[in-house]
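Shown next, in structure tokens, is the structure this report addresses.
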Amino acid sequence: MGTDRVGIITLYYENNNYGGMAQAYALWRLINDLGYDAELITYKRLVKSQAARASLIEKVRRNTIKSLMARYTKKIKNVLEKKIGKNWEDALRDRTKRLKEFRESIPHSKTYTMTDINECASQYSIFVSGSDQIWKPGVVDGAFAFSFLDGISGKNIFSYASSVAVTSFPDDYLRFMKKELSKYSAISVREEKNAAQLSDLLGYKIVNVCDPTLLLLSDQWQGLAAARQIDGSYIFAYLLGNDRKHRKIIQEFAKREKKILVTIPHIKGGNQFAFRIEDWKFGDIQMKSVGMEEFFSLIKYADCIVTDSFHATVFSYIFERPFWVFERIAKDKNVEMNSRIYDLLGRLGLENRIIKGFKIEGVINDINFDEARRCIEPYLQFSRSYLEKALKNKKSS
């Protein structure tokens, strides 16, 4: 087993998303700890996937007066943000640099594109489509489904917690996925809803497994966290969405609890660091130069975390810190931003941590983490067993 080389493909190339980097690191670490020689395949997409072309109706909808006005307003907003954000550029550039250092520390291949990714075929005996939104329409392409391995025998190809992240699929996407997934020895996805959808498409059961970050031991994550960043007690807010009401609710919550509000501002699209006007003056302390280690630390030492991020929720649980979660509203109604959070909180028995109204109700320290661990443990055991069997090329569903 020790000689088996494993190539993991996920959203790794120039990824500046804390959660994205955490899941990539976790899956590599898990497979490596099982005795395999694993590394991430560094893949640079050059064009948007043709597996999600817009229909004529969609194109017409995009050009209504309402849509045109929305795009014009967004353009003005972007110009304003770029002008005001000049003062933040150095700090946000340093944040990008710190995340690059963490990303580069994970064993990885050279950078491939679709023109030369077929060279990977001879590099690994096992190929894994990793977690995160790797199979989302508009993201997935041939490389993310290992099309360059079509017709090549002797390779073990499987997925671990790949995410689709939408509620309906274009016809081109369905045809593409049905063809490419036929060569996989085992298929698992991160969301229960997507498992059911792909099961219907392929005609056999696709299983749901947990995000790989949940399978590493708490001590393994503890060891990556930087020293305490903030003196005294504080509430840590980490928001990927741009809802102003959410920010107001958090500010009122921190004031009521008489705690410092610490934020990581200026994250656009989850992956881009640029000034965002909704975050202007949001938080008593705004943390700008935050790498992965500092991100873990801010969660580890917080009195409470308020977030709309799946992975911030995961690490709040891992570090046993009280937390509250906002639902995040996507601009595209077909994009499902919250199902993975619903799945996670359901597995933990902590559905009551979702903020439903216009105020955070309840006290901070009322989570029974021992009970939460008991609730989720069978799911973790199933997911771990799936990964171990899939690596050995055994059908796991």
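The values are calculated or read from the model by the stated rules, or taken from the named source; none is laboratory data. Predicted, not measured: the structure shown is a model, and the values here were computed from it. Please note: Cβ atoms are built from the backbone with ideal geometry, for glycine as well, and neighbour counts cover all protein chains shown. Areas reflect the complete protein model, heavy atoms only, side chains present, ligands, DNA and RNA absent. Shrake-Rupley method; radii C 1.70, N 1.55, O 1.52, S 1.80 Å.
Okay, here's what the table says:
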read-out	value
Selected residue (criterion: farthest from A143 (Cα to Cα)) from residues of region 179-197 that are free of Cβ contacts under 8 Å to residues at least 24 places away in the same chain and either under 23 Å from the mean Cα position of the chain (by Cα) or in a strand (DSSP E or B) (or both)	A196
Residue in region 187-208 that is in contact with a His (Cβ under 9 Å, 6 or more places away or on another chain) and at pLDDT 90 or above present	no
Candidate set from region 12-30 (those that are of a type outside the set (S, T, Y) and open to solvent by 30 Å² or more (accessible area, probe 1.4 Å)); member that is farthest from V140 (Cα to Cα)	R29
Residues within region 1-11 that are small (G, A, S), open to solvent by 50 Å² or more (accessible area, probe 1.4 Å) and closer than 15 Å to L387 by Cα, tallied	0
Residues within region 31-67 that are aliphatic (A, V, I, L, M), modelled with pLDDT of 95 or more and surrounded by fewer than 23 Cβ atoms within 10 Å (Cβ to Cβ), tallied	1
Qualifying residue in region 373-383 (condition: touching a residue at least 24 places away in the same chain (Cβ under 8 Å), over 17 Å from S131 (Cβ atoms) and assigned to a loop (DSSP other than H, G, I, E, B))	no
Answer from I187, I152, I134, I126 - the residue that is touching a helix residue (DSSP H, G or I) at 6+ places or on another chain (Cβ under 7 Å) and farther than 24 Å from Q23 by Cα	I152
